[in-house]
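Take a look at the structure below.
Every number in this text was worked out from the coordinates using simple rules, so none of it is lab data. Bear in mind the structure is a predicted one, so any value in this text is a computation, not a measurement. Virtual Cβ from ideal backbone geometry, glycine too; neighbours counted across all protein chains shown.
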Amino acid sequence: MKSKPIPKRPANNICVPALITLMLTFTAPPALALDFMGPPASNYGQGRVSAGVDYAYSQMDLELENGRWIEHLDGAFFDSGDAVSFTLKDFQTNRVYANLGFGLLDNLDAFVRLGAGNATFDDSIWGDNEGFESHAEPAVGTGIRATFYENENFALGALCQASWTRFDGQLDSPYWASADYVEVDIAEIQIAVGPTVKLNDQIAIYGGPFFHFVDGTLDDEFSEAAEGGLINAKYSWDVQESSSFGGYIGASLNLNENASFNIEYQRTADADAVALSFAWKF
């Protein structure tokens with residue numbers, strides 16, 4: 001939250017450019033999420049294939065930086081400038097993927113994901129009872145897992161995964177004449193290293209430290225009636241994570257020789273996530 005109140009958005013009048021600049025700085029959210037990671041070590045076996053479903057819910061703070069804005073009045077250039085950087089609080093996302101994995105070597109796996117997700121937040125920008133909800137949008141991802149050391153009940157390894165998402169939606173309030181239209185293009189990388197410990201033939205625990213990196217852009221557009229015409233405003237920010245370092249812990253349950261279920265919790269200084277996965281090996 002900002003240290004001082006943000007003025008309410010005017011519905012039908014034009015303000016001086018400085019006030020408009022301030023207002024344009026605090027509207028739309030980026031759409032990001034922590035994805036399911038799983039054990040930080042290979043677990044398929046060379047030549048085997050795994051198919052399954054991954055789900056993740058996350059809540060995080062995000063940094064919007066290097067903002068730019070431009071305005072047109074009845075289609076003609078009116079003004080432009082820099083927008084203030086700020087932190088977006090408590091952005092919540094849900095993602096569901098179909099996951100297809102391949103055992104490239106006994107100690108190296110690769111996987112791809114295809115799915116969809118949505119994002120929401122409430123009343124965290126203007127304090128004007130506004131809310132954001134995206135459409136369900138496609139999401140894709142890929143990654144690898146490698147084992148460095150392994151014995152009968154212990155494995156040490158690492159994983160690296162990336163995902164790409166575009167979210168479209170509206171930021172709206174009952175007090176506004178019209179909604180903001182938001183588009184976000186985002187890429188994320190998660191890198192983890194740590195152990196997997198078998199407690200018995202059915203249950204293993206895993207986890208360790210990880211890094212979460214975010215890179216993307218956010219574009220926001222809205223129109224407002226003004227004296228002398230209609231103002232169309234568009235502005236953009238670069239999107240980055242508020243905190244990149246964290247840790248996670250999970251449990252893996254072997255349901256039978258081929259099927260497994262995982263549940264895990266991820267945390268950084270500014271983000272939390274709960275993730276689930278079901279997989280079947282062929």
Report summary line: With the dipole of the range 17-281 defined by +1 on each Lys or Arg Cβ and -1 on each Asp or Glu Cβ, the option from Phe261, Ser242, Asn107 whose Cα lies farthest towards the positive pole is Asn107
Report summary line: Per the helix-only model, the chain has a calculated mean residue ellipticity at 222 nm (DSSP H runs of ≥4, -39500 (n - 2.57) each, divided over all residues, rounded to the nearest 500) of -1000 deg cm²/dmol
**Report entry** HN-Hα J in Hz across the range 249-257 - Karplus 6.51, -1.76, 1.60, θ = phi - 60°, x for Gly and Pro
**Finding:** 9, x, 10, 10, 10, 7, 6, 7, 5
Query raised in the report: Relative contact order for the range 175-282: what is it in percent, counting Cα pairs under 8 Å that are at least 6 residues apart?
Result: 22
Query raised in the report: Percent relative contact order of the chain, based on C-alpha pairs within less than 8 angstrom and at least six residues apart?
Result: 22
Requested in this report: Specify which labelled value, from (i) 72, 51, 26; (ii) 75, 32, 28; (iii) 69, 56, 38, agrees with Cα extents along the principal axes in Å derived from the coordinates of the model shown.
Outcome: (ii)
Requested in this report: Over every pair of different alpha-carbon atoms in the range 151-264, take the mean of 1/r and invert it; report that Kirkwood radius in Å.
Outcome: 18.1
Report summary line: A correct Karplus calculation of ³J(HN,Hα) over the range 42-48, with 6.51 cos²θ - 1.76 cosθ + 1.60, θ = phi - 60°, whole Hz and x for Gly and Pro, returns 5, 8, 8, x, 4, x, 8
Query raised in the report: Taking the range 170-227, which chymotrypsin sites (Phe, Trp or Tyr not before Pro) meet the DSSP loop condition and have no more than 16 other C-beta atoms within 10 Å?
Result: Tyr175
**Report entry** Total charge dipole magnitude, the range 47-153, about the Cα centre, Cβ charges on Lys, Arg, Asp, Glu only, Debye to nearest 20
**Finding:** 700
Requested in this report: Multiply the residue gap between Ala116 and Ser243 by 0.36 nm, knock off their C-alpha separation, and tell me the result in nm, one decimal place.
Outcome: 43.3 nm
Query - Theoretical FRET efficiency, 1/(1+(r/R0)^6), r = Cβ-Cβ of Asp272 and Asp219, R0 35 Å, to 0.05 - result: 0.80
**Report entry** Number of Lys pairs (Cα under 26 Å; 8 or more positions apart or on different chains) in the chain
**Finding:** 8
